[in-house]
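Asks: Here it is: the structure, laid out below.
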Amino acid sequence: MNEEQAKRYRQATTLMKQEKWGRAADILDDLVEETADPVATRQLVRALAADHQYVQALSNVLEDPNLFGTDKESAELVVRLMVQNQRFMLARLFIANGSAEWRSPLLMIAKDGEQAAQVKYRQTIQQRLKEFYHLGDGTLLEQRQRLMDAYDLPLTSFLLGTRFVLRDPFVNYLIKADIIESLRRIGVDTQLSYLWIDNNEYQANPATLPDQEAEPAVKAVRSMIAKRLADSDAIRYQMASQQLDLQLIFLYPRAGEVIADPNEWATVLLAALDGQQLGDATPTQSWQRRLMSLISTLAQNDK
């Protein structure tokens with residue numbers, strides 16, 4: 001901030017001490033637009049929340065949630081705002097990403113909010129759950145939007161819908177992977193069935209799934225691609241990394257089982273990027289040919 005902006009910031013903090021929240025928020029909003037200062041942003045959210053402008057307060061949080069995980073007071077404010085706005089799954093994901101030291105009390109706030117909402121907003125929750133059940137009826141874009149809406153559900157309701165959605169053959173697998181990964185991150189300890197990309201049904205407990213990026217096979221493929229390209233062909237390295245990222249989404253949460261030979265996987269991936277046709281001579285070639293088809297279909301659906 002320059003001197004004039006710092007003066008306005010001090011004016012806003014004085015107004016906050018006087019509990020003139022709306023006037024303080026107006027000043028801070030201008031400052032955030034001008035400077036993107038994280039301290040001003042946190043103060044703006046505090047002022048908006050105190051002025052009962054909960055939707056606007058959360059909107060500012062969601063522009064950069066990482067600004068609010070630095071201390072317990074800020075984290076608690078964010079969780080309360082998410083609960084106030086009925087963004088329950090979002091609250092749980094925010095808590096999971098934060099300090100373990102604060103996790104228990106923040107989780108209690110989220111759970112209390114969910115319980116209250118089950119009574120107060122019962123009809124709204126039932127309608128959202130019904131739309132979640134029918135997630136597979138829409139295009140990929142519509143499915144993504146319905147999933148975002150479903151993330152407003154309390155966890156118990158979200159899990160009810162999840163058990164159906166994960167087995168629905170019409171739900172894009174990217175959506176299923178997103179759901180399973182979200183449940184892994186918040187540590188949901190329950191057995192789920194999901195229909196995978198090979199049209200077979202599998203079981204998984206999100207709480208026991210590893211972080212896919214920590215899988216030895218995944219780390220090995222990334223290392224091999226980097227070793228072959230990172231210092232010699234930056235553009236091709238970026239393309240290969242992006243292709244692997246897409247493959248891993250479709251392979252989730254079974255990448256560690258499918259990538260049996262990381263060296264061959266990296267070799268075949270690079271060959272495919274160079275335009276070589278893939279057959280079924282090895283399981284790796286067969287899998288990558290299937291993944292290329294899925295990725296191609298995804299690109300067409302996103303147009």
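Asks: Exactly one of (1) free of Cβ contacts under 8 Å to residues at least 12 places away in the same chain; (2) buried (at least 20 other Cβ atoms within 10 Å of the Cβ) is unmet by residue 200. Its number?
Replies: It fails just one condition, (2).
Asks: When the stretch 259-270 is examined, which residues are found to be under 13 Å from residue 244 (Cα atoms) and among the hydrophobic types (A, V, I, L, M, F, W, C)? First the steps, then the outcome.
Replies: Our first condition is that a residue be under 13 Å from residue 244 (Cα atoms); within the stretch 259-270, this holds for 259, 262, 265-270.
Passing the criteria: 259, 265, 266, 268, 269, 270.
Asks: Working carefully through the options 202, 133, find the one that is among the aromatic types (Phe, Trp, Tyr) and out of contact with any helix residue (DSSP H, G or I) (no Cβ under 6 Å at 6 or more places or on another chain). Steps first, answer last, please.
Replies: Details: 133 fails: out of contact with any helix residue (DSSP H, G or I) (no Cβ under 6 Å at 6 or more places or on another chain).
Among 202, 133, only 202 is among the aromatic types (Phe, Trp, Tyr) and out of contact with any helix residue (DSSP H, G or I) (no Cβ under 6 Å at 6 or more places or on another chain).
Asks: Do you know which of the residues in the stretch 182-197 that are under 13 Å from residue 251 (Cα atoms) and in contact with an Asp or Glu (Cβ under 9 Å, 6 or more places away or on another chain) is surrounded by the fewest Cβ atoms within 10 Å (Cβ to Cβ)? Please lay out each step first, then the result.
Replies: Here is the first cut: in the stretch 182-197, the residues under 13 Å from residue 251 (Cα atoms) are 194-197.
Then drop every residue that is not in contact with an Asp or Glu (Cβ under 9 Å, 6 or more places away or on another chain), which leaves 194-195.
Values: 194: 22, 195: 18.
Looking at residues that are under 13 Å from residue 251 (Cα atoms) and in contact with an Asp or Glu (Cβ under 9 Å, 6 or more places away or on another chain), I get 195.
Asks: Can you find a residue in the stretch 150-164 that is at pLDDT below 95, among the acidic types (Asp, Glu) and in a helix (DSSP H, G or I)?
Replies: Checked the stretch 150-164: no residue is at pLDDT below 95, among the acidic types (Asp, Glu) and in a helix (DSSP H, G or I).
Asks: Something else: Filter the stretch 159-217 down to the residues that are closer than 18 Å to residue 134 by Cβ and among the β-branched types (Val, Ile, Thr) and list them by number.
Replies: If the condition is that a residue be closer than 18 Å to residue 134 by Cβ and among the β-branched types (Val, Ile, Thr), then 162, 165, 171, 175, 179 are the ones that fit.
Asks: Separate question: Return the pair list, or none, for Cβ contacts closer than 8 Å from residues in the stretch 75-93 that are closer than 18 Å to residue 187 by Cα to residues that are assigned to a helix (DSSP H, G or I) and among the polar types (S, T, N, Q), at least 6 apart or on different chains.
Replies: From the stretch 75-93, the pairs are 89/182; 93/182.
Asks: Identify, from the list 266, 272, 230, 207, the residue that is more than 25 Å from residue 175 (Cα to Cα) and surrounded by fewer than 18 Cβ atoms within 10 Å (Cβ to Cβ). Write out each step before concluding.
Replies: Numbers: 266 fails: surrounded by fewer than 18 Cβ atoms within 10 Å (Cβ to Cβ); 272 fails: surrounded by fewer than 18 Cβ atoms within 10 Å (Cβ to Cβ); 207 fails: more than 25 Å from residue 175 (Cα to Cα).
One residue alone meets the criteria, 230.
Asks: Follow-up. Which is aliphatic (A, V, I, L, M) and not assigned by TED's automatic domain parsing to the domain that holds residue 59, of 81, 93, 129? First the steps, then the outcome.
Replies: Working: 81 fails: not assigned by TED's automatic domain parsing to the domain that holds residue 59; 93 fails: not assigned by TED's automatic domain parsing to the domain that holds residue 59.
From the options 81, 93, 129, the qualifying one is 129.
Asks: Suppose we filter the stretch 64-115 for residues that are closer than 26 Å to residue 125 by Cα and assigned to a helix (DSSP H, G or I); how many remain?
Replies: 34
Asks: Further, regarding this structure: What residue, among those in the stretch 275-303 that are among the hydrophobic types (A, V, I, L, M, F, W, C) and surrounded by 14 or more Cβ atoms within 10 Å (Cβ to Cβ), is nearest to residue 175 (Cα to Cα)? Steps first, answer last, please.
Replies: Quick first cut of the stretch 275-303, residues among the hydrophobic types (A, V, I, L, M, F, W, C) only: 278, 281, 287, 291-292, 294-295, 298-299.
In the following step, the residues that additionally are surrounded by 14 or more Cβ atoms within 10 Å (Cβ to Cβ) were identified as 278, 287, 291-292, 294-295, 298.
Details: 278: 27, 287: 20, 291: 16, 292: 18, 294: 14, 295: 14, 298: 12 Å.
It comes out as 298.
Asks: Which ones in the stretch 63-86 are touching a Lys or Arg at 6+ places or on another chain (Cβ under 9 Å) and closer than 19 Å to residue 36 by Cα?
Replies: 67, 68, 70, 74
Asks: Still on this structure, please answer the following. Scan 220, 177 and give me the residue that is within 18 Å of the chain's Cα centre (by Cα) and closer than 28 Å to residue 297 by Cα.
Replies: Working: 220 fails: within 18 Å of the chain's Cα centre (by Cα).
Just one listed residue meets the conditions, 177.
Asks: Just wondering, is there one or more residues in the stretch 114-126 that are within 21 Å of residue 184 (Cβ to Cβ) and either outside the structural domain of residue 179 (by TED's automatic domain parsing) or surrounded by fewer than 13 Cβ atoms within 10 Å (Cβ to Cβ) (or both)? Working first, answer last.
Replies: Taking the stretch 114-126 as the starting set, the residues that turn out to be within 21 Å of residue 184 (Cβ to Cβ) are 114.
Filter again for either outside the structural domain of residue 179 (by TED's automatic domain parsing) or surrounded by fewer than 13 Cβ atoms within 10 Å (Cβ to Cβ) (or both), leaving 114.
Checked the stretch 114-126: at least one residue is within 21 Å of residue 184 (Cβ to Cβ) and either outside the structural domain of residue 179 (by TED's automatic domain parsing) or surrounded by fewer than 13 Cβ atoms within 10 Å (Cβ to Cβ) (or both).
Asks: Quick one: which residue in 244, 278, 269 is within 22 Å of residue 197 (Cα to Cα) and within 24 Å of the chain's Cα centre (by Cα)? Don't jump to the end; show me each part of the working.
Replies: Working: 278 fails: within 24 Å of the chain's Cα centre (by Cα); 269 fails: within 24 Å of the chain's Cα centre (by Cα).
Step by step, each of 244, 278, 269 is checked, and only 244 is within 22 Å of residue 197 (Cα to Cα) and within 24 Å of the chain's Cα centre (by Cα).
Asks: Please state which one of 178, 189 is of a type in the set (Asp, Glu), in a loop (DSSP other than H, G, I, E, B), without any contact (Cβ under 8 Å) to a residue 60 or more places away in the chain and within 29 Å of residue 162 (Cβ to Cβ).
Replies: Answer to the selection: 189.
Asks: Here's something else I'd like to know. Select, from 41, 14, the only residue that is surrounded by fewer than 18 Cβ atoms within 10 Å (Cβ to Cβ), of a type in the set (Ser, Thr, Tyr) and outside the structural domain of residue 152 (by TED's automatic domain parsing).
Replies: Working: 41 fails: surrounded by fewer than 18 Cβ atoms within 10 Å (Cβ to Cβ).
Matching residue, one of 41, 14: 14.
Asks: Residues of the stretch 212-254 being touching a helix residue (DSSP H, G or I) at 6+ places or on another chain (Cβ under 8 Å) and among the charged types (D, E, K, R), which ones?
Replies: Result: 213, 215, 219, 222, 228, 236.
The values are calculated or read from the model by the stated rules, or taken from the named source; none is laboratory data. All figures in this text were calculated on a predicted structure; none of them were measured in a lab. Quick reminder, even Gly has a Cβ in these numbers, built from the backbone with ideal geometry, and neighbours come from all protein chains shown.
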